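Notes to accompany the following structure.
What follows draws every value from the coordinates through simple rules; no lab data is involved. Computed from a predicted structure; not experimentally measured. FYI the Cβ positions are ideal-geometry reconstructions off the backbone, even for glycines, and counts take in every protein chain you see.
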Amino acid sequence: MALILKNISKHVSLTPQEEHVFLSKIETKKYKAKTILLSSGEISKSTYFVNSGILRSFNINDNIIEHVLHFACEGWWIGDMYSYISQKPGNLFIEVLEDAEIVEITKENQQQLYQEIPKLERFFRILAENSLVSHQERLMDNLSLTAEERFEKFCKKYPTLIQKVSQKHVASYIGVTPEFFSKMKARLLKK
């Protein structure tokens, strides 16, 4: 539990009593690779913090093409925020890519924590703001950068993931086909 408490302490300070209350409202689970934590069409009841392993969120379009929206590795949060906040069916899948230990917090428990420890509302607001900024930056990158520039940015932002995540997932994340990605990567290696 030290990792999630360290994550929280980057933005708010909890007393030992508040830490105890927080820890009583979360659940830690272990999952094997390829486990689907959430499927498109389901209502998201939890958000997830990664203690270890790697997860991804993605959707599948009408042409059965996957689009990776987000990766999460140790110390990161992931969820279908549309579904989690609205409590309506979402359109994302969340999959475990590498055996993982995940901390889950349910919407109900998160709301209780806001009442019992108001500074956690500030913490989760900061997470939501950071997520919004990151998504806006990614959207702008997709509109203005070349595939090579997006890949270079991905490598800088996620240096450990490039070795652990399949090329098809990286290609999907940067918005190219796996075939184009292979050719582009070969070109970059020649430089």
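The table that follows gives values for the structure above.
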| item | result |
| --- | --- |
| Residue satisfying all of: in region 166-185; surrounded by 14 or more Cβ atoms within 10 Å (Cβ to Cβ) and among the charged types (D, E, K, R); farthest from ARG56 (Cα to Cα) among these | LYS185 |
| Residue in region 48-71 that is assigned to a helix (DSSP H, G or I) and within 21 Å of HIS11 (Cβ to Cβ) present | no |
| Considering residues of region 11-43 that are free of Cβ contacts under 8 Å to residues at least 60 places away in the same chain, in contact with a helix residue (DSSP H, G or I) (Cβ under 9 Å, 6 or more places away or on another chain) and closer than 24 Å to LEU69 by Cβ only, the residue surrounded by the most Cβ atoms within 10 Å (Cβ to Cβ) | LEU38 |
| Selected residue (only one of ILE126, ILE94, ILE117, ILE102 is under 25 Å from VAL21 (Cβ atoms), touching a residue at least 12 places away in the same chain (Cβ under 8 Å) and in contact with a strand residue (DSSP E or B) (Cβ under 9 Å, 6 or more places away or on another chain)) | ILE102 |
| Contacts under 8 angstrom Cβ, first residue in region 166-189 being touching a residue at least 12 places away in the same chain (Cβ under 8 Å) and within 17 Å of ILE65 (Cα to Cα), partner among the β-branched types (Val, Ile, Thr) and assigned to a helix (DSSP H, G or I), 6 or more apart | VAL170/ILE162; PHE181/VAL170; PHE181/ILE174 |
| For SER172: the one exception among (1) touching an Asp or Glu at 6+ places or on another chain (Cβ under 8 Å); (2) within 26 Å of VAL12 (Cα to Cα); (3) among the polar types (S, T, N, Q) | (2) |
| Condition check for ILE94: surrounded by 16 or more Cβ atoms within 10 Å (Cβ to Cβ), outside any loop (DSSP other than H, G, I, E, B), of a type outside the set (Ser, Thr, Tyr) and under 17 Å from the mean Cα position of the chain (by Cα) | yes |
| Sole residue being loosely packed, with under 13 Cβ neighbours inside 10 Å and at positive phi, chosen from GLN87, GLN163 | GLN87 |
| Hits in region 112-164 - residues which are more than 28 Å from LEU5 (Cα to Cα) and either aromatic (Phe, Trp, Tyr) or in contact with a Pro (Cβ under 8 Å, 6 or more places away or on another chain) (or both) | PHE151 |
| Helices (runs of 4 or more DSSP H) fully within region 108-191 counting 2 or more residues that are polar (S, T, N, Q) and farther than 17 Å from ALA72 by Cβ | 118-144 |
| Selected residue [more than 24 Å from THR177 (Cβ to Cβ) and touching a strand residue (DSSP E or B) at 6+ places or on another chain (Cβ under 7 Å)] from ILE60, ILE54, ILE85, ILE43 | ILE43 |
| Criterion: more than 18 Å from SER131 (Cα to Cα) and either within 16 Å of the chain's Cα centre (by Cα) or assigned to a strand (DSSP E or B) (or both) - qualifying residue of LYS6, LYS30 | LYS30 |
